[in-house]
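Data block below; observations after.
FYI, it's all coordinate maths here, none of it is from the lab. As the structure is a computational prediction, the values presented were derived from the model and not from experiment. Positions of Cβ are backbone-derived with ideal geometry, glycine not excepted, and every protein chain shown enters the neighbour counts.
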Amino acid sequence: MITHIVSDFSRVLLFPRDRSTVEKLNTMIKRVRLEENYSFFDYFDLNDELLRFYQSLQPAVQTVIFTSGEIQEETEVKSRIAGIVKYVFSAQYHQRSKETVSSYAWLAEQLQTTPQQMLFVDDSSVNIAAAKQVGVQTVQFLNTEQTIVTMRKILGEQH
């Protein structure tokens, strides 16, 4: 039984407003913050549809973010994910790599659960492969609709 959704943040829950942008979002935020009259949502969009889906799974399933950087710490983001996301783990802050198997075993330990009770959503096939090796169920994010459909299949009768 899945007890935790572990979601990536950049390019799963947060996108650049200009979808053709290939720049890493953590790099982009450092650059655009310096612009005159900077406003977070002039540059970024939250995936409200996926956030609502995560919220619909509560209280049986907790949502946590496991991300590489720190863009999720922006005030505008924190206020929008509060009440939906229980914990945020930054691989950078915890000196982890999302590309290594041990990071997912560590994350399960932090959450006081097992890898088999976690469902990991990420856009990186490398990160997905690492999580699978320790027994985490995974969904590679290609788009929101596909992600929700696949998650519903995995969750099955649980929701």
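Per-structure values
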| item | result |
| --- | --- |
| Count of region 12-42 residues which are surrounded by fewer than 10 Cβ atoms within 10 Å (Cβ to Cβ) and among the basic types (K, R) | 1 |
| Residue within region 112-127 that is hydrophobic (A, V, I, L, M, F, W, C), in a helix (DSSP H, G or I) and either buried (at least 18 other Cβ atoms within 10 Å of the Cβ) or in contact with a Gly (Cβ under 7 Å, 6 or more places away or on another chain) (or both) present | no |
| Residue in region 28-50 that is among the aliphatic types (A, V, I, L, M), closer than 23 Å to R96 by Cα and touching a His at 6+ places or on another chain (Cβ under 8 Å) present | no |
| Total residues in region 128-150, condition in a helix (DSSP H, G or I), surrounded by 15 or more Cβ atoms within 10 Å (Cβ to Cβ), out of contact with any Ser or Thr (no Cβ under 7 Å at 6 or more places or on another chain) and of a type in the set (A, V, I, L, M) | 1 |
| Hits in region 67-83 (condition: buried (at least 18 other Cβ atoms within 10 Å of the Cβ) and of a type in the set (A, V, I, L, M, F, W, C)) | I71, V77, I81 |
| Identity of the residue in region 87-99, touching a residue at least 24 places away in the same chain (Cβ under 8 Å) and surrounded by fewer than 16 Cβ atoms within 10 Å (Cβ to Cβ), that ends up nearest to F53 (Cα to Cα) | Y87 |
| Any hit, region 43-66, residues being surrounded by fewer than 16 Cβ atoms within 10 Å (Cβ to Cβ), in contact with a strand residue (DSSP E or B) (Cβ under 7 Å, 6 or more places away or on another chain), touching a residue at least 12 places away in the same chain (Cβ under 8 Å) and within 30 Å of G135 (Cα to Cα) | no |
